[in-house]
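See below for the structure under consideration.
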Amino acid sequence: MIVVMKTGCSQDEIKRVANRIEVVGLKAHISQGIEHTVIGVLGQAFPELRDTLELLPGVEQVIPVTKPYKLASREFHPQDTIVELNGVTIGGNEIVVMAGPCAIENEEQLFSTARAVKAAGATVLRGGAFKPRTSPYQFRGLGESGLKILAQAGKETQMPIITEVMAPDYVDLVAKYADILQIGARNMQNFVLLDEVGKTKKPVLLKRGLSSNIQEWLLAAEYILAQGNEQVILCERGIRTFESYTRNTMDVSAIPIIEKVSHLPIIADPSHATGKWYLVPPLALAAVAAGADGLLIEVHPNPDLALADGPQSLTFDNFRLLMSQLLPLAEARNRKLATPSAKIKP
Ligand code: PEP
Ligand code: MN
């Protein structure tokens, strides 16, 4: 349940409500907005608590939250969450494009891609250093040396960087370099990992699990939020269905559903959703039309030679073409494309 406090209530009244919640073994999550302070009751609240809280001074109303996720719900947080990092905002009016190779292979590959995607309008640089691969014999990433290349390329092109963290023990290491921590689809329900990234102050991009429904995905986000990290970005990257023509099936409807039930930003990854480069632009456009706050796109200087996910990677030319097609759709949704501006501090 959610306790909405009266406008102008005192700090003592807020404290009293929080104490009342905590004395019965539940957790109070205080969120102070401009007009209202809202206190979320976390844990298994019992119905009588509602009557008790409603009688306390300063309380305007107590609203039961029917969904199992609380902090991730729009009921709890009606305004959109906007994640801000070094000049780039995700979840506001601008559509953010994150682009780069699936895996960092070497300096030349990453720097050339970083420059090309930046010139075409991307505002966040992606690249994997710790790669979850289906087969242990596939290229599994350069590890920390890859993170160093990514950080240098991000610095040179003045773009924040996003990269995946696969295990709780690696969170500190990856957070030392990355601006956004990516939780991959295969780890969406790695609850210990979710707890760990929740303890950091870095924004977290949470991909939808391969076979997860929207409620499970939002409950995974809840783990991160419950640790105190409010900067969570969701990413629809396709789910397993009976269709084998595409690598996964991109659930475009998840985008407006998330917008309705949650305040968290939602972006789309048509690269992993489709697995085929020529399907990436149409699905990217569909995601923006559906209201996505951004895109995650794999780009490689020579997809035929890529060590990971070549078939779904765009060439520089195809990425430029896609970027030129996004603007009319963004405008149709009253949105702007984020510009790679000088907003980023050197
Ligand atoms: C990736 O972004 O490179 C990746 C492995 O994605 P996913 O977890 O969606 O498969
Ligand atoms: Mn990939």
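A short reminder: the numbers here are calculations on the coordinates, not readings from a lab. Note that the structure is a prediction, hence the values are computed from the model and not measured. Virtual Cβ from ideal backbone geometry, glycine too; neighbours counted across all protein chains shown.
Its relative contact order, with pairs defined as Cα atoms under 8 Å and 6+ residues apart, puts region 83-337 at 20 percent. 3J(HN,Hα) along region 171-188, derived from phi through the Karplus expression 6.51 cos²θ - 1.76 cosθ + 1.60 where θ = phi - 60°, amounts to 4, 4, 4, 5, 5, 5, 9, 7, 8, 10, 8, 9, 9, x, 3, 5, 10, 4 Hz, with x in place of Gly and Pro. Our summary gives region 137-182 a relative contact order of 38 percent, counting only alpha carbon pairs under 8 angstrom and 6 or more residues apart.
Note the angle between two axes, namely the Cα long axis of helix 107-120 and the longest principal axis of the Cα atoms of the chain, as a number of degrees from 0 to 90, rounded to the nearest 10. For helix 107-120, the angle is close to 70 degrees.
Counted residue by residue at 0.36 nm each, then reduced by the alpha carbon distance between them, the extension gain from residue 134 to residue 27 reaches 34.6 nm. Here the Karplus relation 6.51 cos²θ - 1.76 cosθ + 1.60, evaluated at θ = phi - 60°, turns the backbone of region 207-215 into coupling constants of 6, 6, x, 3, 10, 9, 8, 5, 5 Hz, with x for every Gly and Pro. Under the rule a/c < 1.5 gives rounded, and otherwise a/b versus b/c splits prolate from oblate, where does region 83-337 land using the Cα gyration tensor? It is rounded, given that a/c, with a ≥ b ≥ c, falls under 1.5. Comparing mean-square fluctuations of 255, 297, 214 from a GNM of the chain with C-alpha springs under 10 Å, the top value falls on 214. Within the shell of other residues whose beta carbon sits under 15 angstrom from the beta carbon of residue 304, the net charge comes to -3, with Lys and Arg scored +1 and Asp and Glu -1. Each label was represented as a point 7 Å from its Cα along the Cα-to-Cβ direction; for residue 317 and residue 213 these points are 4.6 nm apart. Based on Cα contacts under 8 Å between residues 6+ apart, region 2-63 shows a relative contact order of 47 percent. Sparsely packed loop sites in region 1-51 (the trypsin sites (Lys or Arg not before Pro) outside DSSP H, G, I, E and B with at most 15 other Cβ atoms within 10 Å) comprise 6.
Within the chain, DSSP assigns beta bridges of which about 40% are antiparallel (rounded to the nearest 5). Look at where the Cα atoms of region 1-56 and of region 124-167 average out, and the two centres are 42 Å apart. In the structure displayed, which of 6/207; 148/207; 276/336 lie more than 32 Å apart, Cα to Cα? Correct reply: 6/207. Residue 277 sits among other residues whose Cβ lies under 15 Å from its own Cβ, and their net charge, with Lys and Arg +1 and Asp and Glu -1, is -2.
Taking 89, 315, 134 in turn, the Gaussian network model of the chain (Cα-Cα springs below 10 Å) assigns the largest fluctuation to 134.
Most fluctuating residue of 182, 215, 158 in a GNM of the chain with Cα springs under 10 Å: which is it? Highest fluctuation of the listed residues: 215.
Computed on region 2-63, the Cα convex hull volume stands at 66 Å³ per residue.
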